[in-house]
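Notes for the one structure printed next.
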Amino acid sequence: MQCTKLTCIRTFYLMNNKYEHVDLTYLEDMSNGNTRVMVEMIEIFNSQVPELISKMKEYLQEEKLDALSRLAHKAKASAFIMGMREVAEDLKLLEISAKTDKKVEKKYHIIVADIEKRFGFAMEELKNIATKL
């Protein structure tokens, strides 16, 4: 049985467990397997992440917790679409904490640094995937 380009990539992905930071199952379902849409979503994600991280750091430094909470909410959706469930959970924690706390806590800096690192790994994987779609 011959596979489509997408199912071949998915099979390769699953068999080799090459990508450990993203899971494109939701993106594939959302796009009905349209690789052009998937590549476009990956490119949008990769273009937006650096600005998201930059703004998070800025809001932390300026102690703008409401803005940080709103940005974490926005980033959470992007992480979820790319199958980054743990990052999405961390962003949810950041969103809720920043909304309810009165001052910047040390944990925010730790969470943002970890999210930045994991987004970086994910972006590299996504670039690799996009070239194969």
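Here are some notes:
- Being in a helix (DSSP H, G or I), modelled with pLDDT of 85 or more and among the aromatic types (Phe, Trp, Tyr) holds for only one residue in TYR26, TYR13, and it is TYR26.
- Of the residues SER47, SER97, the single one that is on the phi < 0 side of the Ramachandran plot, polar (S, T, N, Q), out of contact with any helix residue (DSSP H, G or I) (no Cβ under 6 Å at 6 or more places or on another chain) and surrounded by 14 or more Cβ atoms within 10 Å (Cβ to Cβ) is SER97.
- In summary, VAL39 fulfils each of the numbered conditions (1) at pLDDT 95 or above; (2) over 17 Å from ALA88 (Cα atoms); (3) among the aliphatic types (A, V, I, L, M) with the single exception of condition (1).
- Residues located in the stretch 108-128, provided they are among the aliphatic types (A, V, I, L, M) and either in contact with a Lys or Arg (Cβ under 6 Å, 6 or more places away or on another chain) or closer than 11 Å to HIS21 by Cβ (or both): ALA122, MET123, LEU126
- Scanning the stretch 77-133 for residues that are among the aromatic types (Phe, Trp, Tyr) and farther than 22 Å from MET38 by Cβ yields one hit, TYR108.
- ASN32 being over 17 Å from SER78 (Cα atoms), of a type in the set (S, T, N, Q), surrounded by fewer than 16 Cβ atoms within 10 Å (Cβ to Cβ) and modelled with pLDDT of 85 or more: yes
The values are calculated or read from the model by the stated rules, or taken from the named source; none is laboratory data. All of these numbers come straight from a predicted model, not from anything done at the bench. Please note: Cβ atoms are built from the backbone with ideal geometry, for glycine as well, and neighbour counts cover all protein chains shown.
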